[in-house]
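The values are calculated or read from the model by the stated rules, or taken from the named source; none is laboratory data. Here the structure is a predicted model, which is why all the values come from computation and not from measurement. Please note: Cβ atoms are built from the backbone with ideal geometry, for glycine as well, and neighbour counts cover all protein chains shown. These accessible areas exclude ligands, DNA and RNA; they are computed on the full protein's heavy atoms, side chains included. Shrake-Rupley method; radii C 1.70, N 1.55, O 1.52, S 1.80 Å.
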Amino acid sequence: LLADDMGLGKTLEIITLLKSCKTKHPNLIVAPASLTYNWFNEFKKWTPSLNVLLITGNSQTREKLISQIQPGQTVITSYDYLKRDLDTYKKMAFHFMIIDEAQAIKNHQTKNAEAVKEIRCISRFAMTGTPIENSLADLWSIFDFCLPGYLKSYETFKNDYEINIVKNKDSDALEKLNHQIAPFILRRTKQDVLKELPPKF
């Protein structure tokens, strides 16, 4: 779970990862529709040699583009298009799968959450600048994408953690949860890296 503050380079971290790892399977990035072209342009800016495919257009155009996906290619699509094309994607296997603005799946009962969790892949990354600013149920849903089953079922999580922490103010349960999830969260704040940032002009 990449949870750096906005502006500290989560996108570039992912681009660097995909550039450095040669994979047999394609990679899949899912982002809000407003950010898909931004992702595509960032790849062209930083790694123009990387084979990147943006899935957009009407259903026939998307179907044709998806049929052309190649091994090792990085595919970019939106949450909405993923839901519409889910039956096709479910037949495929990816290496890395990255979801941007992961708060889009904070409610585990939504179609967004259900869709991204049905894709077969080897490694999963979620990106969000607000990992635990909402509810523990949101956190569970994001972890259920990144590490399916790690925090068990939502009902078990709710009984073991959510009720105890939120309603009963159980500090021991909170400490136990933090200990369990901390190894999988990379979070830097602007204060943490303020000295490393270049001055604004």
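Quick look at the numbers
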read-out	value
N168/L147 FRET efficiency (R0 30 Å; Cβ-Cβ; nearest 0.05)	0.70
Most mobile listed residue (L136, L65, L28) in the chain, GNM with C-alpha springs under 10 Å	L65
Unit charges on C-beta of K, R, D, E only; dipole of segment 1-145, Debye	660 debye
Pairs from K22/K64; K64/K158; K90/K152 whose Cα-Cα separation, in the structure shown, is over 31 Å	K64/K158
Computed P(r) (all Cα pairs; segment 1-76; 5 Å bins; percent)	3, 14, 25, 26, 18, 9, 4, 1
Sites K117 and K44 - FRET efficiency at Förster radius 30 Å, r taken between beta-carbons, to 0.05	0.50
Sulfur and carbon atoms: percent of accessible area, the chain [1.4 Å]	53 percent
Projected label distance in nm at Q60 and Y154, using a 7 Å step from Cα toward the beta-carbon	3.9 nm
CD proxy at 222 nm, helix term only [per DSSP H run n ≥ 4: -39500 (n - 2.57); per residue of the chain; nearest 500]	-10500 deg cm²/dmol
Hypothetical label at D80: residues of segment 92-114 whose amide nitrogen lies under 13 Å (7 Å Cα-Cβ projection)	none
Sorted peptide list for 48-55, 18-25, 109-116, criterion being average Cβ within 10 angstrom, highest first	109-116, 48-55, 18-25
Rounded tilt (10° steps) of 33-46 against the dominant C-alpha axis of the chain	70 degrees
Given charges at Cβ of Lys, Arg, Asp, Glu: segment 1-99 dipole, positive-most of Q68, P32, H95	Q68
For the chain: accessible area per residue (Å², 1.4 Å)	56 Å²
